1. What pairs come up if the first residue lies in the stretch 450-461 and is assigned to a loop (DSSP other than H, G, I, E, B), the second is surrounded by 12 or more Cβ atoms within 10 Å (Cβ to Cβ) and modelled with pLDDT under 80, and their beta carbons are under 9 Å apart, counting only those six or more places apart or on different chains?
2. (1) open to solvent by 10 Å² or more (accessible area, probe 1.4 Å); (2) more than 14 Å from the ligand (Cβ to nearest atom); (3) under 21 Å from ASN16 (Cα atoms): which one isn't true of SER206, the others all being true?
3. Tell me the residue from GLY130, GLY125, GLY121 that is touching a His at 6+ places or on another chain (Cβ under 8 Å), of a type outside the set (D, E, K, R) and not in a helix (DSSP H, G or I), please.
4. Need the failing condition index for SER97 against (1) of a type in the set (Gly, Ala, Ser); (2) more than 15 Å from the chain's Cα centre (by Cα); (3) open to solvent by less than 20 Å² (accessible area, probe 1.4 Å); (4) over 29 Å from TYR119 (Cα atoms), just the number.
5. Go through (1) open to solvent by 10 Å² or more (accessible area, probe 1.4 Å); (2) under 30 Å from TYR161 (Cα atoms); (3) within 12 Å of the ligand (Cβ to nearest atom) one by one and return the number of the condition LYS102 breaks.
6. Would you tally the residues in the stretch 66-118 being under 14 Å from GLY213 (Cα atoms), hydrophobic (A, V, I, L, M, F, W, C) and part of a strand (DSSP E or B)?
7. Among the residues of the stretch 281-294, which ones are farther than 24 Å from VAL183 by Cα and either surrounded by fewer than 18 Cβ atoms within 10 Å (Cβ to Cβ) or more than 10 Å from the ligand (Cβ to nearest atom) (or both)?
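The values are calculated or read from the model by the stated rules, or taken from the named source; none is laboratory data. Bear in mind that the values here come from a model prediction, so they are computed numbers and not experimental data. In this analysis, Cβ positions are derived from the backbone assuming ideal geometry, glycine residues included, and neighbour counts consider all displayed protein chains. Calculation scope for accessible area: heavy atoms of the full protein, side chains included, ligands and nucleic acids excluded. Shrake-Rupley method; radii C 1.70, N 1.55, O 1.52, S 1.80 Å.
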Amino acid sequence: MDNSKFYITTPIYYSNDNPHLGHTGTTVFADVIARYKRSQNFDVFFLTGTDEHGEKLALTAEKAGKEPQIFVDEMAFRWQEYWRKLNISNNEFMRTSSAGHKQVAQELLQKLYDNGDIYKGVYKGIYCVGCEEFKAEKDLVDGKCPEHRPDQVQYREEENYFFRLSKYVPQVKKYMEENVFSVEPENKKNEMLARLNDEIRDLSASRQTVSWGIPLPFDNAQTTYVWIEALMNYYSATRFYENREDFWPASVHFLGKGNNWFHTVIWPALLIALDLPLPKRVYVHGYYNVEGKKMGKSLGNVISPQDLIDKYSVDGTRYLLCASMPYENDSDVSFKWFNEKYNSVLANGLGNLVSRVAKMAEGLEVSNNHIFNWDDFAIIVEKYNNFRLHEVTTEIEKLINEANTYLNEKSPWKKEGSEKEAILNNVILKILNISALLEPIMPETSLKIRDTFMNNKMPEILFQRIV
Ligand code: MSP
């Protein structure tokens, strides 16, 4: 892949349910980075999508009284609607039940089988349907999965095909240590390296009892274990969508910590076995917790993207998610925190600044030649490049405060003529810089601000104060 290309992915989400704050966070972060990279003239391929096979999906469809294909078709439509509302600029939307993905996944499976990396055996052990994952005793707490209801954990014994994960583990570990593919942030890499010190068993690669999946090309009686074909989506996308063949390997896979092992151990092992290049970066963020608690249906504290859009608008939602982005650690959010941040930064800080200055500048000769240069903002560029979006917002908040302080100190309302115009011109340039820096996070607001000062449109209220 040449260096002007940038391929960024989110996990493909299970479409058995609607998106919540966590899925929305990852998707917004990836979108912000995709937009930022486009602003730097990269040729960007941004992929998100839905993970549509497996036991969990089949059971949910059955409960809804629908054929799995019909169920996932409806859900894929819903997920895309949410992302469209949130102004997500993905170039393609992956669906693993599509014919294109199936064909590439089967080709890769056949190659693994032909090379002797897949063999038949018997699996005996515990399976968590919620995670779609075989578990070791040590993964459970009091015999329960820490992430799912007790009924999701079951003992299974079945004939399976296995992937020779153990054969590739030493190489994966070495590559991870040597940053052949980088796992960021450091603490997420260390967690995986520690786990790799344990004995790693081969991975079950197929299911005998789940019919809703991709049949193994060498044994139609079994379907592919959902995680294996799901990971393959990142590569299959570069094969079956038009003009994407030059985008492998991915520049970065973006995901939350619960998906770390699969993306930084299993996926590289599969790629090494397939003799395909490894992704360059895997970026693993922490989780959002709500008022100190893990978000979950049973706790009744699930926040949906719609709740946020209704309260804070689309751009407000995007900003608040970035400002609270979980980086090394989890991030605790609440409506109280969102309200305060929204009022102080967006309504009072930025919104008020724009409307005050626009009113004062009305009818005056203000210059509209603004040349923005990212190089003038090296700290923010560095934060964007390292995906520290919460720190990008902190830096931009400083610039908003500085512009407000400048305005208050210079008090152009007390001045006349060219002196007044010069002050206002300076503030307008500061605002236009802020708007350009914010463009990846709040594209619509940024456009409105440019329109206000460069095309002399009086602004609507950008962010209504929440009382
Ligand atoms: N289908 C798999 C992923 C396969 S990728 C080849 C899956 N899907 S999921 O619907 O459970 O989504 C998991 C992803 O959702 C996490 O990686 C993360 O991006 C996001 N999050 C889910 N809960 C989250 C929080 N509480 N906080 C932040 N992000 C979280 O696993």
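1. ASN455/ASN368; ASN456/VAL366; ASN456/ASN368
2. (1)
3. Step by step, each of GLY130, GLY125, GLY121 is checked, and only GLY130 is touching a His at 6+ places or on another chain (Cβ under 8 Å), of a type outside the set (D, E, K, R) and not in a helix (DSSP H, G or I).
4. Condition (4) is where SER97 drops out.
5. (3)
6. So the count comes out to 0.
7. GLU291, GLY292, LYS293, LYS294, listed by residue number.
Per-residue answers, yes or no, for (1) of a type in the set (D, E, K, R); (2) in a strand (DSSP E or B); (3) more than 11 Å from the ligand (Cβ to nearest atom); (4) over 16 Å from ASN259 (Cβ atoms):
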residue: PHE6; (1), (2), (3), (4): no, yes, yes, yes
residue: PRO19; (1), (2), (3), (4): no, no, no, no
residue: GLY22; (1), (2), (3), (4): no, no, no, no
residue: ALA30; (1), (2), (3), (4): no, no, no, no
residue: ILE33; (1), (2), (3), (4): no, no, yes, yes
residue: ASN41; (1), (2), (3), (4): no, no, yes, yes
